[in-house]
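Trainee: Dumping the structure here so I can ask a few things about it.
FYI, it's all coordinate maths here, none of it is from the lab. The shown structure was predicted, so the numbers you read here are calculated from the model rather than taken from an experiment. Cβ coordinates were reconstructed from backbone atoms using ideal geometry, including for glycine residues, and neighbour counts include every protein chain displayed.
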Amino acid sequence: MPRKMMIRLFTELVLSATLMLSGCAPQGMASTPDPAEETPGNSTGMESPAASAAAVDPSPPPVTLTVMAAASLTGAFEDLGSQFEADHPGVTLQFNFAGSQQLAQQLEQGALADVFASANPAQMNVVVETGRIARDAPKTFVQNRLVVVFPKDNPAGLAGLGDLANANLKLVFAAPEVPAGQYSLDFLDKAAAEGRYGAGYKEKVLANVVSYEENVKSVLTKVALGEADGGIVYTSDVTGPDAGRVGQIEIPEDLNVIATYPIAAIQDSPHPDEARQFVDFVLSSEGQAVLGRYGFMAAPQ
C-alpha cells in the first residue's frame with residue numbers, strides 16, 4: 001500500500017475514535033449547577049430566617065393601661081378591670097386610687113396615665129385646664145349619695161342626724177378639698193338653712209370633727225375600726241362586705257347631695273385606642289350594671 005494512503009487511513013481512524021469517545025459520556029450525568037446562578041424561583045426547600053419570620057403573624061404587644069380613679073370607685077373599678085382584661089387579651093389594667101384632688105394634682109404635674117375618673121367635675125376641670133383632657137371629653141358615668149356611718153357597736157348611741165351635734169363626739173370627715181368632704185359641708189349647709197336640727201347645728205357638728213381624711217375610704221376605715229364615733233361617706237362605700245362593718249343613718253333626699261362622677265381619656269395617653277375602649281366600657285350597659293351592684297346610681301341620660 002502506498003505510504004500516502006496509509007497516513008490518510010491512520011488519520012481517519014484516529015478522528016473516528018475521538019468522535020466516538022466524546023459521544024460516549026453517560027446520559028444521566030449532568031454538571032452541578034452553580035448556586036450563584038440559581039434563579040429566585042428555584043426553591044431549595046429551605047427558607048431564610050427573615051422569610052420564616054415574615055410568614056408568622058405576630059400578636060400585638062402587651063399593653064398596661066393606667067387608670068387614675070377616685071378612691072370611692074375602688075371595688076367597682078377593680079371588678080370592671082377584670083372584665084375588661086378578659087375581653088381584651090394582652091391588656092392589663094393598673095389602677096391608682098386616691099382622692100380626686102390628689103389625682104388631679106398628679107396629672108397637673110405630668111404623671112403618666114391613660115384614663116381619669118373623678119368624684120366631681122371640679123377636679124376633672126383642673127385637668128382639662130392643663131390641656132391633658134379635651135374640653136368635650138369628660139362624660140358623667142355615675143352618681144352617688146351621702147350616708148352617715150358609725151361603728152357596728154355604736155358606742156356613742158347615734159340614732160339620727162341630730163345626734164351628730166351632741167357634745168363630746170369624735171367625728172371624721174373627708175378633707176374639704178376632697179369631693180366627699182365638700183359634699184359633707186354642702187349637706188351641713190342645707191341642714192343649717194332648713195333649721196330642722198336646731199340653731200348652730202353646722203357649727204356644733206364641725207366642732208366634733210377630730211380628723212379630716214385624704215379620701216373617703218379612710219373615713220370608712222377609721223369608723224369601722226372604732227377610731228371615731230361617726231363619719232360621712234358615700235352609699236357606694238357601704239355595699240358588699242363593707243356593709244356589715246358599720247351601721248348607717250340615711251340622709252333625707254332634700255338634705256342630701258348628689259355626687260357626679262365624670263370620666264375621660266388622657267389626650268397624651270400612650271395607648272389612646274385602649275383608653276377610649278375602657279371609657280366606652282364603663283359607659284356601656286354592661287359597665288353600668290357592675291357599677292349599680294356597688295351602690296352607684298346611673299347617670300342621667
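Trainee: If you take the square roots of the eigenvalues of the alpha-carbon gyration tensor of segment 206-259 and sort them as a ≥ b ≥ c, do you get rounded (a/c under 1.5), prolate (a/b over b/c) or oblate?
Mentor: Cα axes put segment 206-259 in the oblate bin.
Trainee: Oh, and also: Test of the criteria: in segment 73-144, which trypsin sites (Lys or Arg not before Pro) are in a DSSP loop and have at most 10 other Cβ atoms within 10 angstrom of their Cβ?
Mentor: In loop regions of segment 73-144 (DSSP not H, G, I, E or B), the sparsely surrounded trypsin sites (Lys or Arg not before Pro) are R135.
Trainee: How compact and how long is segment 146-250, expressed as Rg and Dmax of its alpha-carbon atoms in Å?
Mentor: Rg then Dmax for segment 146-250, in Å: 12.4, 38.
Trainee: Lysines near K222 by alpha-carbon distance under 29 Å, same-chain residues fewer than 8 away left out - which ones?
Mentor: Of all the lysines, those that pass the test against K222 - Cα under 29 Å, at least 8 places apart if same chain - are K152, K170, K190, K202, K204.
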